[in-house]
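**Q** Sharing a structure below in structure tokens format, with a few things to ask.
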Amino acid sequence: MTDGQRYNLSGKRVWVAGHRGMVGSALVRRLESEDCEIITAGRETVDLTRQDAIEFWMQETKPHAVFLAAAKVGGIHANNTWPADFIYQNIMIETNVIHASHLAGVEKLLFLGSSCIYPKMAPQPMTEDVLLTGPLEPTNEWYAVAKIAGIKLCQAYRKQYGCDFISAMPTNLYGPGDNFDLETSHVAAALLVKVHQAKEAGQDNIDIWGSGTPKREFLHVDDLADGLVFLMQHYCAADHINIGSGDEVTIRELADIIASVVGYDGGYTYDDTKPDGTPRKLMDNSRIHALGWQAPTKLKDGMAKTYDWYLKNVV
Ligand code: GFB
């Protein structure tokens, strides 16, 4: 397959690795409208950190296509607190799944990275080619190094063996299926929980970690899943590709959006014992736009849908 050709999912056996996570479950929802067979396997069936287990399972299962959404993920505090878990588990999962996919003759694989692969002080918006041009953000360099290794694995297997393995780098995500645990979650889920609980308890304050001034770009996970299926079908190149929304706000502005969705009119206090992390990480999405895909969901609408899901499924 050469650049620009379409990969047809019809009739294909498509493995979503990590189907219980926020991204994996969104991918399964999205793939239900494609004419393909969706394959999933929980940790009790195959432990992706064990090389022999994954190679055996892949030889038996023989998927045609793989979405590699399995990963050890977490917010700024989790990344900063458990660096060994983040680097070890992610490198093991990527190495095992990518190598086993090559051995099993997988036709196409999409590896999922993160915008934290880019240098902390990268010029904004960040184009794909700023990768490896400067030092990483220290709170998540372990996770970032593992994700950079995943990009390089895909490129190496393409170069040496001709495998059609591609990499997509999403911006910060939110949506149904997110992790709502306050210690390990990302900011969108954390603030949704804090604002909801404050409203329910009649509290007039919630705490925001750091200064509230860092900027983040937020993409609804159902938009991400749609974009990933689009890339699986239309993108074929060694270079990784950004996938974002262009919806950039400060953390304080995000709190205001969530407050208006939830109906909370209290205030905020800022916890300066917690890190700010990267000051800004806005993606340049020109490449994926040029291919013909854009994220449809606006941040406030996506947050309202997520809050609705949270009330029905988590509270
Ligand atoms: O989403 P988040 O945890 O991760 O935090 P990163 C984003 C910003 O929100 C930081 C602030 O400036 C946090 O200090 N923040 C404010 C909070 N209140 C809260 C809160 O209650 N919980 C959380 N979690 N944050 C992660 C990386 O970075 O982004 C990962 O560590 C990954 O590796 C992911 O790349 C997408 O955006 O800073």
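None of the figures in this text is laboratory data; all of them are computed from the coordinates on show. Remember, it's a predicted structure, so these values are computed and weren't measured experimentally. Positions of Cβ are backbone-derived with ideal geometry, glycine not excepted, and every protein chain shown enters the neighbour counts.
**Q** When each pair of different Cα atoms in the stretch 144-203 is counted once in the 1/r mean, what is the Kirkwood radius in angstroms, to one decimal?
**A** 14.5
**Q** How would you order 163-171, 244-252 from highest to lowest mean count of nearby Cβ atoms within 10 Å?
**A** 163-171, 244-252
**Q** Continuing with this model, one more query. Given that compact globular proteins tend to follow 2.2 N^0.38 Å, what is the ratio of the alpha-carbon Rg of the chain to that value?
**A** 0.98
**Q** What spacing in nm lies between the two simple spin-label points modelled at Asp271 and Thr250, each 7 Å away from Cα in the Cβ direction?
**A** Label at Asp271, label at Thr250, 2.0 nm between them.
**Q** Can you list the residues, at least 5 places off or on another chain, whose amide H is less than 5 Å from the amide H of Ser167, using H built in the peptide plane?
**A** Phe111, Ile241
**Q** Given a Förster radius of 25 Å and the C-beta distance between Tyr161 and Asp239 as r, what FRET efficiency does 1/(1 + (r/R0)^6) yield to the nearest 0.05?
**A** For Tyr161 and Asp239, the calculated efficiency is 0.90.
**Q** Please work out the FRET efficiency for the pair Leu103 and Thr81, using the Cβ-Cβ distance as r and a Förster radius of 25 Å; give the result to the nearest 0.05.
**A** 0.10
**Q** Report the Rg/Rh value for the stretch 238-280, based on alpha-carbon coordinates and the Kirkwood definition of Rh.
**A** Looking at the stretch 238-280, the ratio lands at 1.12.
**Q** Ok, one more. What nm value, rounded to one decimal, do you get for the distance between Lys298 and Glu200 when each label is placed 7 Å out toward the C-beta?
**A** 2.9
**Q** Is the stretch 151-252 rounded, prolate or oblate when judged by the Cα gyration tensor, a ≥ b ≥ c being the square roots of its eigenvalues, rounded requiring a/c under 1.5 and prolate requiring a/b larger than b/c?
**A** prolate
**Q** Please give the length that would be gained between Asp35 and Leu132 if that part of the chain were fully extended, namely 0.36 nm times their separation in residues minus their C-alpha to C-alpha distance (nm, one decimal).
**A** Extra length from Asp35 to Leu132 when fully extended: 31.1 nm.
**Q** Mind listing the long-range amide H neighbours of Arg280? Cut-off is under 5 Å, sequence gap 5 or more, other chains count too, H placed in the peptide plane at 1.01 Å from N.
**A** Under 5 Å from the amide H of Arg280 lie the amide H atoms of Lys215, each far enough along the sequence or on another chain.
**Q** Rg/Rh for the stretch 223-315 to two decimals, with Rh computed the Kirkwood way over all alpha-carbon pairs.
**A** 1.05
**Q** By Kyte-Doolittle mean hydropathy of at least -1.0 and Cα axial length of at least 27 Å, which whole DSSP H helices of the chain are selected?
**A** The answer, listed by residue number, is 83-103, 141-161.
**Q** Moving on to the next point. Within the chain, what percent of beta bridges assigned by DSSP are antiparallel, to the nearest 5?
**A** Antiparallel bridges make up about 10 percent of those DSSP assigns within the chain.
**Q** Rank by packing, highest mean first: peptides 67-73, 297-303, with packing defined as the count of other Cβ atoms within 10 Å averaged across residues.
**A** So the order, starting with the most tightly packed, is 67-73, 297-303.
**Q** Sticking with this structure for a sec: On a 30 Å Cα-Cα criterion, which of the cross-link pairs Lys199/Lys274; Lys159/Lys298; Lys12/Lys152; Lys12/Lys215; Lys147/Lys312; Lys194/Lys298 come out too long?
**A** Lys159/Lys298; Lys12/Lys215; Lys147/Lys312
**Q** For the stretch 39-169, state the semi-axes of the equivalent ellipsoid (square roots of 5 times the eigenvalues of the alpha-carbon gyration tensor), sorted largest first and rounded to whole angstrom.
**A** The equivalent ellipsoid of the stretch 39-169 has semi-axes of 27, 18, 10 Å.
**Q** Ranking request for peptides 8-14, 19-25: highest mean number of other beta-carbon atoms within 10 Å first, then the rest in descending order.
**A** 19-25, 8-14
**Q** Can you pull the percent of Cα pairs in the stretch 14-108 with separation above 22 Å?
**A** Considering the stretch 14-108, 29 percent of its Cα-Cα pairs are separated by more than 22 Å.
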